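Coordinate-derived values only; no laboratory data. These numbers were taken from a predicted model, which means no experiment stands behind them. As a convention, Cβ positions derive from the backbone with ideal geometry for all residues, glycine included, and neighbour counts pool all protein chains shown.
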Number of protein chains: 2
Amino acid sequence: MLETSARLLRLLSLLQTRRDWSGADLADRLGVTDRTVRRDVDKLRSLGYPVHASTGTTGGYRLGAGAALPPLLLDDEEAVAVAIGLRGAAGGTVAGIEETSVRALAKLEQVLPSRLRNQVNALQSAMLPLPGRGPTVDPATLSVIAATCRDHERLRFDYRDHDGDHTLRQVEPLRLVHTGRRWYLVAFDVDRDDWRTFRVDRLTPRTPTGPRFTPREPPDTDLAAYTSYKLSNSAYRYQGVFTLHMPLAAATEQITATAGVLEPLDDTSCTLRAGSNSLDGLAMWIAMIGCEFQVHSPPELVTRLAGLAARLTRAATDT
Amino acid sequence: MLETSARLLRLLSLLQTRRDWSGADLADRLGVTDRTVRRDVDKLRSLGYPVHASTGTTGGYRLGAGAALPPLLLDDEEAVAVAIGLRGAAGGTVAGIEETSVRALAKLEQVLPSRLRNQVNALQSAMLPLPGRGPTVDPATLSVIAATCRDHERLRFDYRDHDGDHTLRQVEPLRLVHTGRRWYLVAFDVDRDDWRTFRVDRLTPRTPTGPRFTPREPPDTDLAAYTSYKLSNSAYRYQGVFTLHMPLAAATEQITATAGVLEPLDDTSCTLRAGSNSLDGLAMWIAMIGCEFQVHSPPELVTRLAGLAARLTRAATDT
DNA sequence: GCCGTTGCGGACCACACCGGTCCGCAATGC
DNA sequence: GCATTGCGGACCGGTGTGGTCCGCAACGGC
């Protein structure tokens, strides 16, 4: 029954936009009787979606959190927000999530209506991509590459090697890998007949992408090591120890518990321990706190901050 | 037909995970004959989802971008990535998108299985929330408030006013508003019998949330002005002009075209113009570029950077 | 404690949709 | 030209569909 399926989807959509719905409301929206709504709710339940119901004057239906994620029905604005959010996450704010973000992004952008895609791109340009060290990667490029990996499509791109020379490459892409702050593409270079690793920030893809290919045996390097996302067990690479010259209470206002551990020193200062995988990220973060502070550890961070301070001094005075 | 609906959803899911599928593959995966697959594809099409098909030996089915967004079927990892991305976007990287992000987040978190929610929270703590000026807001709090606004549920929370006094509030939430770098909640304070505006970073919600209420007439302030997202026409508040002491080619590598406009000066330096709505954001961003530079404009930025540099110098030397 | 509201689910029934099977046709690429 | 792939008509037994009517149970306010 085509209409039944469509109605089930609409019902799911309604249950997602608001939390509580009375049976009569739903019946009205769906253009059926409440008996049919009850039957549809039953169908959703037997599909595995937990629809809670409560009786009485304040009763109604409510979609709960179940074992599996139901299909997400987003409106246009929400879809744009998701795309923007994923592009940000692909940029690497959180360790280990980037590759999954790119995958989800590829999935979303495949079905994103073009008017929304334009909106996403427009908003993207309003972002200030964090320069970090080295060049940043265009999320749109990542998205294209991820799609070719998934679909086993050949990829053609211009590549600038470290000497600045440009070459046109034709590859069978295998996997996108994110390490440190860089993205790499592991692919089989057709012309050179061998596996190569390309820095994504140095390549610009050509459209349209090439024909499909049958995946070949990956080189038995430790690609498996890349594949294990190890979301949780990532101890921080750098552990910063600081003295903040502000009262503990004020510091607590600024620094959420997840960002770092605060310990009181005296009435006007406290100790802060904060971890990060990136020295630059840590430096930037501590610099943004608007109070006087001292760095105790790690030593690299001290020199990094000293250099940064000198640079900023010159930047601000030599005008 | 329950099974038919489930199959349609699975088919949609399959079409989203890979781009090209042969009819035989799909039939195999779905456990039906290819004739039925064809019929199902037809059903999807008449539901409005554009399923392209091509014949020949390389033929197959492919889900295209249509007028409306199909329901997104994400796997666990992808759902986590989306949630993380949305939480980041709600933090305000892009102007105008925050409120929509929070809405989408509320929608997602309502149906997110608890094991995934735990994962999201764990990953969240791995992020270094940008401290900016002033305290940051917990995305989980935003999510809770957004849900109560949507569902017309009373909200109880502890509130710290600017004197540091704590009060227990009970309100009928109306809307979350994001301006500048702050989140505000516009709500009707039940005990004080009047409309109030609360800073979200100063409140901690209590669970469970209260009973439902019937929405009352909003105060006829210019809430409409908040509501207009004005995604595009946002000219930047600050326009930074810099001289970078690095060759144009090297600068182009680091600074994507969307981030700023580069003009050559001589062989070793170039001019950069970059806009931002936040002075701190701009300061941080320019500081992250790893080369010598000078600030020309705006003057506030010069003083901001000078102050920052002085602070960093003290931080790095007084150990 | 009563009463209204809300969800629940059984029974009935006319109807048409479902899905497998079998078929020939059209388009594409090697 | 041949294999492969998608397309859709025809047939048919089975069964799910959705409206109507019904009594039951749970909850909250008066």
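Taking R0 as 41 Å, what's the FRET efficiency between residue B:68 and residue B:207 from their Cβ-Cβ distance, rounded to 0.05? Mind dumping the intermediate values first?
Details: r = 35 Å, r/R0 = 0.86.
So the FRET efficiency works out to roughly 0.70.
For peptide B:293-300, how many partner chain Cβ atoms fall within 10 Å of a residue's Cβ, on average? Kindly include the intermediate steps, with their values, before the conclusion.
Details: counts 6, 6, 6, 1, 1, 0, 1, 0.
Whole-number average of other-chain Cβ neighbours for B:293-300 is 3.
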Shielding score for B:147-153, defined as the mean number of other chain Cβ atoms within 10 Å: 2
For the stretch B:238-317, the Rg and Dmax computed from alpha carbons only, in angstrom: 12.7, 37
Virtual spin-label span in nm between residue A:166 and residue B:2, 7 Å along Cα→Cβ: 6.1
Simple label model, 7 Å out from Cα along Cβ direction - residue B:191 to residue B:17, nm: 5.2
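What number does the stretch B:2-63 give for Rg over Rh if you use C-alpha atoms and the Kirkwood radius?
Numbers: Rg = 10.5 Å, Rh = 11.4 Å.
Using only Cα positions, Rg/Rh for the stretch B:2-63 is 0.92.
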